[in-house]
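One structure is given here, and the rest of the page talks about it.
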């Protein structure tokens, strides 16, 4: 995909305002809350602190890209629903992208590894233990399967 | 309560929030996901207390891209309600805290709007500020309002009284009570402000089309936003529509605020173009808070452990405009926590005091954490003096189902009276939570690890609310569609608590439908019935019982309609599972889809005042136990284990209920240990403006929390709560501070009287102990 960006546009702005991919949320816009996390070449990054021009030539994956074209949910998305991971849901997109980055690299993370992976993503509803359980359950679901 | 023999079909079986699929796919829209034509920005005061001598906006107006500028000269001379609190104009010629609204700009981009703010010249006449509620309550304090800083207890919405008196609740004779005590303990505590800090910051969009105003807002109380805007802008009810989307957390912060009419006025000036105002994180962390509470408590008891007198005096900072629900209201209206213990004599005084800090607004459980910190510290100290285990001491004094509280008639304070406690198994709950933390094995037997790390366990108890809310009439509406499916209409807002899902479950239960056969419509004040909003843990309790009544209303209409056809009197007809039938001969039935030609509408209106049974009182008991590890070398406190529960009655959606208890616990741990409000009085600046400085808990800061709500036994139906279900939104948040304080004391033998319990305070306390 080719999009033009102003030199001072952040990736978050480009995704949300130009491409209308508003699944990526902006919370603090200072790189502290993690709500805007997307994957760049498979690694979680903060799109509010990343310039859009720096995304040129890289693979950018957002929450909208997770489910299959026919709408079938990704196992992480399923696990988030089944384990009551979203309360208000504002941090959910960022949490899911961090989970994807983690599980793609480490299919069997321990609880501690999950805790560390999501420690840059704030959930003011305090729902961390449901999110951790969801990521554990997603890891189980993804075992053996090929999920983008 | 009448027993119902039927098993529940939908209620009591966990169901993920209905919004979950949209939230995990990114399809869920929040207000900031919507575009607007213009960006609004607010010029904020650099001074805590000043008169505006002059404002020059001419340079800002000249800037290309600026479409509107407003100052105090452009606002209607009509007072704006602040959630039942101190009313103020949309903008005034006076500022009352650093960050107070001075002027506002709408421009074609955020950058232009920000640039325009820099071009507005304001000349201030500085006034002496006052920051502490005890100082601000003195007669010689700088006056933030001409009538003084103490907000009168007898307030009503939009009414300024300015009475220099505290809110009061008094029964028996406390002086006599203390005289007859064998032991008396007095404790003073101070808990600092806490910031709500939803990750989705406050946001609204306003747009005029002809004479109709549309507002999209992230709010807990869309109808209250509607009411405030119609009032302050003097527009008829039917000309304002308030829309909501998903709300990214509220916790008491997302009520009515000035930025809403500001956006509306900017839009009007800009020819009706849509104007979006969204808080930056700095604005979010410095505009509303749980206020500072400075509390002294005195409790007397007999040798056998009977409490003879209980006295509490609280000074609560309500900030520049305030919201009295944080202070006096917590005692006066809600009657909590003066009812925690059955004392013969009691006096509770609370002063709501304006200061030159930003406003206080109800934050999940309001002031219970600080009041209970004071009370529970004193309770533990009393138990120690009496050589009793603190749980045994509490057991002697906690009221139980059927007890009349307070024990003697209320002699001062009009908002509470003696009444009989309905269902209140607090003692059973206390026992259960104590067992789950391992009280008997661990209390007083703390061990030391690695030389410096000391373990301890603590517990805290309080009464809480969660019943139908006293004020604020609400209407619930249900449509029985022609095919027998149903649609619920509600004007409240699901802010992540699962209320929409719970309402669908209740309607499905009542109508014998599947969950998917009931839908819910919300988020537009133009067609949803009026509702008091998602506050005070009232949504489920008030809305749920009214929804049950609304379904009954619809059923009654159907009964009357099919009576002739069935040849049965209406009272003998049941309407369930998309049919109406003779209760005694179920085979004599009518399938609704073959009978109904139009929608059948059922509705019910009420508030807690109308729902409650006279002479009875509903309370929900809460208990939290914590195990902590205190590093005596660094002062750091780590929560190792936490058990939290309440006598929540029925759980409509159990996993969601547990989520509320656990989430509240996480917030409470933040309040107790990390979340530090910092105001530099020399620089006149808040220093907690980012999440680096204002540290809310992360996944690494909290242990696995055990939620142990105690459900009512049996399949009961209640006239005043939906199947006996209390609201639990705030309950989990009440007692983390006192429970952690008690555990710290068990670990290192010191009681810290200031909250949050930062490493500095812990080390200071340890040093003090050494010097004793």
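Below, the figures for the structure above:
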| quantity | calculated |
| --- | --- |
| Residue ID - farthest from the other protein chains (Cβ to nearest Cβ), chosen from residues in the range B:214-229 that are touching a strand residue (DSSP E or B) at 6+ places or on another chain (Cβ under 9 Å) and more than 14 Å from residue B:530 (Cβ to Cβ) | B:229 |
| Spans of strands (runs of 3 or more DSSP E) in the range B:554-649 with at least 1 residues over 30 Å from residue B:746 (Cα atoms) | B:573-576, B:579-582, B:589-591, B:600-606 |
| Single unsatisfied condition, residue B:201 versus (1) crowded, with 19+ Cβ neighbours inside 10 Å; (2) part of a helix (DSSP H, G or I); (3) in contact with a helix residue (DSSP H, G or I) (Cβ under 7 Å, 6 or more places away or on another chain) | (2) |
| Of residues in the range B:230-279 being part of a helix (DSSP H, G or I), in contact with a strand residue (DSSP E or B) (Cβ under 7 Å, 6 or more places away or on another chain) and farther than 21 Å from residue B:523 by Cβ, the one farthest from the other protein chains (Cβ to nearest Cβ) | B:232 |
| Out of B:75, B:66, B:10, sole residue that is closer than 23 Å to residue B:254 by Cα, at pLDDT 95 or above and surrounded by 15 or more Cβ atoms within 10 Å (Cβ to Cβ) | B:75 |
| Selected residue (criterion: surrounded by the fewest Cβ atoms within 10 Å (Cβ to Cβ)) from residues of the range B:562-577 that are touching a residue at least 12 places away in the same chain (Cβ under 8 Å) and over 30 Å from residue B:468 (Cβ atoms) | B:567 |
| Lone unmet requirement of (1) free of Cβ contacts under 8 Å to residues at least 60 places away in the same chain; (2) surrounded by 13 or more Cβ atoms within 10 Å (Cβ to Cβ); (3) within 10 Å of another protein chain (Cβ to nearest Cβ) for residue A:27 | (1) |
| Test: residue in the range B:492-513 that is surrounded by fewer than 17 Cβ atoms within 10 Å (Cβ to Cβ), on the phi < 0 side of the Ramachandran plot and modelled with pLDDT of 95 or more | no |
| Elements of type helices (runs of 4 or more DSSP H) in the range A:58-148, at least 3 residues being away from every other protein chain (no Cβ under 11 Å) | A:92-105, A:128-142 |
| Selection within the range A:30-54 - closer than 27 Å to residue B:694 by Cα, in a loop (DSSP other than H, G, I, E, B) and more than 10 Å from chain B (Cβ to nearest Cβ) | A:36, A:47, A:48, A:49, A:50 |
| Evaluation of residue B:194 against (1) surrounded by fewer than 24 Cβ atoms within 10 Å (Cβ to Cβ); (2) in contact with a strand residue (DSSP E or B) (Cβ under 6 Å, 6 or more places away or on another chain); (3) under 21 Å from residue B:670 (Cβ atoms) (one fails), failing number | (1) |
| The range A:11-24 - residue that is surrounded by 22 or more Cβ atoms within 10 Å (Cβ to Cβ) and free of Cβ contacts under 8 Å to residues at least 24 places away in the same chain and, of those, farthest from residue B:27 (Cα to Cα) | A:16 |
| Those residues of the range A:99-114 which are in contact with a strand residue (DSSP E or B) (Cβ under 9 Å, 6 or more places away or on another chain) and surrounded by fewer than 24 Cβ atoms within 10 Å (Cβ to Cβ), in sequence order | A:101, A:102, A:104, A:105 |
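The values are calculated or read from the model by the stated rules, or taken from the named source; none is laboratory data. Computed from a predicted model, the values in this text were never measured in an experiment. Counting neighbours? That spans all protein chains shown, and the Cβs are built from the backbone with ideal geometry, glycine included.
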